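Heads up, the thing below is written out as structure tokens.
The values are calculated or read from the model by the stated rules, or taken from the named source; none is laboratory data. All of these numbers come straight from a predicted model, not from anything done at the bench. Cβ sites come from the backbone with ideal geometry, for glycine too, and all protein chains shown count toward neighbours. Just the protein is used for accessible areas: all its heavy atoms, side chains included, with ligands, DNA and RNA removed. Shrake-Rupley method; radii C 1.70, N 1.55, O 1.52, S 1.80 Å.
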Amino acid sequence: LALLLAICQNGVMENKDAIIAELTKRVETLLARIKLLEEEVARLKKNSNNSSKPPSSDIVTPKRTVVKVSRKKRKRGGQPGHKKHSRKSFTADQVDRTIEYELRDRELGGLTPLDDWHIVQQVTLPKKLYVVTEHRARKYLDPKTGKVIIAPLPDDIQRGGLLGADVTSMIAFMKGGCHMSYSTIERFFTEVLQLDLSRSLLDKATKKVSQALKPAYEQLSTHLPHEPYLGIDETGHKDDGKKHWTWCFQTSNYTLFHIDKSRGSCVLFDLLGKEFDGIIGCDYWGGYRKFARLTDATVQYCMAHLIREVRFLAEHSVKKLNRWSGQLLDWLRNLFKTLHCSDKFTAEGFARKMKQI
């Protein structure tokens with residue numbers, strides 16, 4: 001613009017074609033820059049409410065009914081009118097021993113004993129929480145060869161070693177089910193059970209259980225491609241400083257986890273095969289889109305992710321796209337509002353309403 005103003009002031013118009021070309025070039029450069037800036041602004045505007053960054057379910061989750069309460073501070077513990085929940089008492093066959101308490105004769109004072117008792121059941125731990133069994137296999141000397149022959153031990157004793165099957169299972173449960181570190185498990189055995197176990201022995205016991213469960217795991221893995229519906233997700237973590245991914249495959253009857261170095265669609269092809277034609281529930285990760293494109297699988301993308309993406313479009317600078325996205329959000333709100341009020345409709349009425357939406 002400064003160049004054009006100078007030209008007009010000086011009246012210099014001899015090289016107007018060159019000047020126009022230069023101005024056109026500058027305008028195109030500026031337009032390209034504006035487009036880049038608009039894309040950058042749009043990217044920076046993405047948040048948990050309008051994108052797939054952290055999961056959110058502002059529309060998916062129904063609004064909670066807010067109950068107004070007085071500003072008076074509540075006391076700790078159960079509130080007036082709250083129904084008491086008590087643990088069921090142990091049955092007679094579950095009680096190991098019974099101790100009866102009665103008044104002495106001089107304390108009765110004319111009281112008549114009733115065939116009724118006030119019962120307090122108490123759970124305690126034995127002083128020693130484990131049993132040590134020594135298995136002895138006698139040795140025999142062969143006078144002809146001079147070799148020592150040992151009587152055979154049972155296979156489960158031979159394979160178990162120091163730890164029995166129940167202790168080995170408990171260690172694996174603490175490690176896998178309770179997510180305890182080996183240091184925490186080691187401390188538990190030392191301070192609670194008064195039993196010193198090394199970290200290497202705990203690791204060996206956990207791996208032994210993993211090997212025992214391997215056939216069942218492989219059986220479920222073989223059945224996975226035949227499932228009619230799978231909910232799939234993956235999350236990253238590091239193992240010995242290297243990036244790994246834990247894949248989760250959820251069915252109606254079981255959940256299977258698979259740890260892999262890859263997050264790509266190759267994992268889906270390896271576990272589900274190219275012939276998988278079931279339904280997959282997942283997010284927008286590219287691996288799922290590629291798998292769906294190259295197979296007969298039907299994909300139901302996560303509605304919470306979809307809603308956030310539509311919200312982002314609803315903030316777009318293009319008015320037509322903005323209006324369309326707003327209308328779609330209204331339909332989605334109506335959809336989930338109807339879904340969460342399904343108990344207010346008959347089965348036929350609910351199906352008809354959802355089909356209409």
Number of the exception - W117 against (1) closer than 27 Å to V192 by Cβ; (2) touching an Asp or Glu at 6+ places or on another chain (Cβ under 9 Å): (1)
Candidate set from the stretch 309-338 (those that are outside any helix (DSSP H, G or I) and either among the polar types (S, T, N, Q) or more than 25 Å from W285 (Cβ to Cβ) (or both)); member that is modelled with the highest pLDDT: V318
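Quick check on this structure: which one of L201, L195 is in contact (Cβ under 8 Å) with a residue 60 or more places away in the chain, closer than 26 Å to G164 by Cα and out of contact with any His (no Cβ under 7 Å at 6 or more places or on another chain)? Even if it seems obvious, please write down each step before you answer.
Details: L201 fails: in contact (Cβ under 8 Å) with a residue 60 or more places away in the chain.
After applying the criteria, what remains is L195.
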Strands (runs of 3 or more DSSP E) contained in the stretch 204-281 and holding at least 2 residues among the β-branched types (V, I, T): 229-239, 255-260
Selection from the stretch 282-294 of residues that are of a type in the set (D, E, K, R) and in a loop (DSSP other than H, G, I, E, B): D283
Candidates R106, R136 - the one that is in a loop (DSSP other than H, G, I, E, B), open to solvent by 100 Å² or more (accessible area, probe 1.4 Å) and over 30 Å from E191 (Cβ atoms): R136
Restricting the stretch 295-308 to residues that are touching a helix residue (DSSP H, G or I) at 6+ places or on another chain (Cβ under 9 Å) and not in a loop (DSSP other than H, G, I, E, B), the residue that is farthest from L272 (Cα to Cα): I307
Residue count, the stretch 195-210 (criterion: exposed (fewer than 15 other Cβ atoms within 10 Å of the Cβ) and within 16 Å of F173 (Cβ to Cβ)): 3
Hey, D260 open to solvent by 30 Å² or more (accessible area, probe 1.4 Å), in contact (Cβ under 8 Å) with a residue 12 or more places away in the chain, in contact with a strand residue (DSSP E or B) (Cβ under 7 Å, 6 or more places away or on another chain) and of a type in the set (D, E, K, R) or not: yes
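Do we have any residue at all in the stretch 339-353 that's touching a helix residue (DSSP H, G or I) at 6+ places or on another chain (Cβ under 7 Å), open to solvent by less than 70 Å² (accessible area, probe 1.4 Å), more than 20 Å from G281 (Cβ to Cβ) and among the hydroxyl-bearing types (S, T, Y)?
So the first thing to find is which residues in the stretch 339-353 are touching a helix residue (DSSP H, G or I) at 6+ places or on another chain (Cβ under 7 Å), and the list is 342, 345, 350, 353.
Checking the rest, the ones that are also open to solvent by less than 70 Å² (accessible area, probe 1.4 Å) come to 342, 350, 353.
Right, trim to more than 20 Å from G281 (Cβ to Cβ) and you get 350, 353.
Next cut, among the hydroxyl-bearing types (S, T, Y) only: none.
No, because not a single residue in the stretch 339-353 is touching a helix residue (DSSP H, G or I) at 6+ places or on another chain (Cβ under 7 Å), open to solvent by less than 70 Å² (accessible area, probe 1.4 Å), more than 20 Å from G281 (Cβ to Cβ) and among the hydroxyl-bearing types (S, T, Y).
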Count of the stretch 323-357 residues which are over 17 Å from A304 (Cβ atoms) and touching a residue at least 24 places away in the same chain (Cβ under 8 Å): 1
For A292: the one exception among (1) among the aliphatic types (A, V, I, L, M); (2) surrounded by 15 or more Cβ atoms within 10 Å (Cβ to Cβ); (3) modelled with pLDDT of 95 or more: (3)
